[in-house]
Amino acid sequence: MTSSERLMEIAERLAELDPVRTYPERGAGLIAGLVGAAAYRLDRADREGLNSESTLTNTEPTISLPLRQGRQQVGILHLEIVGDAPAGNQLELLKWASRLYARGLDYVDRLADEGGRRPGEAVEQTLRRAPLTPRERDVVSLLVAGSSTRDIASETGLTVSTVNTYLKRIFSKLGVHSRVELIARMAGTATIPPRSSYEAPPHAD
């Protein structure tokens, strides 16, 4: 698998993570898995941190990744790696994935903050104005309400695969790149970053 293909796989997997309830934990685990980290710790300045099931055994982690959204640092992800530390393309993949993860964390934080969401009526108005089919609106409405992919499938009678197909179509229509961003747009937390901020580094091929 080429670096570009790997980047696309990472982006897709981060985009598919449940956006509110488990995004911080599952995103950290995904990034740790990229380099076979034995354990991770997520430190946040004004939020509760996270630890993997296996805790860091050393006081000094193998690598610490600053998680930044724009100029703001939203946390630091510490990884304990058994064997050689990542280098070259692997390190670039890790840094790029951490930027995507930081953006998702920022949206999750704003969605969780009091007053971070529009009231339900305003969300419904936004949905009605969106260029979506009635079924696509149903999927988005359930996602904004906190439903997982399986929940949406059960509620709508669709298969999980079909729900994922709907979501990819919705992403394209609304110009977003992940479930976190979709909910942020519907809930009114902030402007969605430009597509260029998600593109792979030019030398990754």
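The values are calculated or read from the model by the stated rules, or taken from the named source; none is laboratory data. Worth saying up front: this structure is predicted, and the values here are computed from it rather than measured. Here the Cβ is made from the backbone with ideal geometry for all residues, glycine too, and neighbour counts use every protein chain on show.
Some notes on this structure:
- Members of segment 85-103 that are touching a strand residue (DSSP E or B) at 6+ places or on another chain (Cβ under 9 Å) and either over 16 Å from residue 33 (Cβ atoms) or among the basic types (Lys, Arg) (or both): 95, 99, 102, 103
- The set of residues in segment 85-140 that are at pLDDT 85 or above, under 21 Å from the mean Cα position of the chain (by Cα) and among the hydroxyl-bearing types (Ser, Thr, Tyr) comprises 98, 101.
- Count of residues meeting criterion [in a helix (DSSP H, G or I), modelled with pLDDT of 80 or more and among the small types (Gly, Ala, Ser)] in segment 1-55: 5
- Residue 156 meets each of the listed conditions (1) of a type in the set (Ser, Thr, Tyr); (2) surrounded by 13 or more Cβ atoms within 10 Å (Cβ to Cβ); (3) free of Cβ contacts under 8 Å to residues at least 12 places away in the same chain apart from (3).
- Extreme residue, surrounded by the fewest Cβ atoms within 10 Å (Cβ to Cβ), among residues of segment 60-98 that are out of contact with any Ser or Thr (no Cβ under 8 Å at 6 or more places or on another chain) and of a type in the set (D, E, K, R): 71
- Each residue in segment 148-170 was checked for being small (Gly, Ala, Ser), in a helix (DSSP H, G or I) and under 18 Å from residue 17 (Cβ atoms), and 2 of them qualify.
- The selection criterion, being modelled with pLDDT of 85 or more, outside the structural domain of residue 180 (by TED's automatic domain parsing), more than 30 Å from residue 187 (Cβ to Cβ) and acidic (Asp, Glu), does not hold for residue 60.
- Residue count, segment 41-59 (criterion: touching a Lys or Arg at 6+ places or on another chain (Cβ under 9 Å), buried (at least 17 other Cβ atoms within 10 Å of the Cβ) and closer than 14 Å to residue 31 by Cα): 2
- Scan segment 171-195 for residues that are part of a helix (DSSP H, G or I) and either closer than 19 Å to residue 108 by Cβ or modelled with pLDDT under 80 (or both) and the total you get is 12.
- Residue selected from segment 63-84 under the condition touching a strand residue (DSSP E or B) at 6+ places or on another chain (Cβ under 6 Å) and more than 21 Å from residue 105 (Cβ to Cβ), by the criterion modelled with the lowest pLDDT: 82
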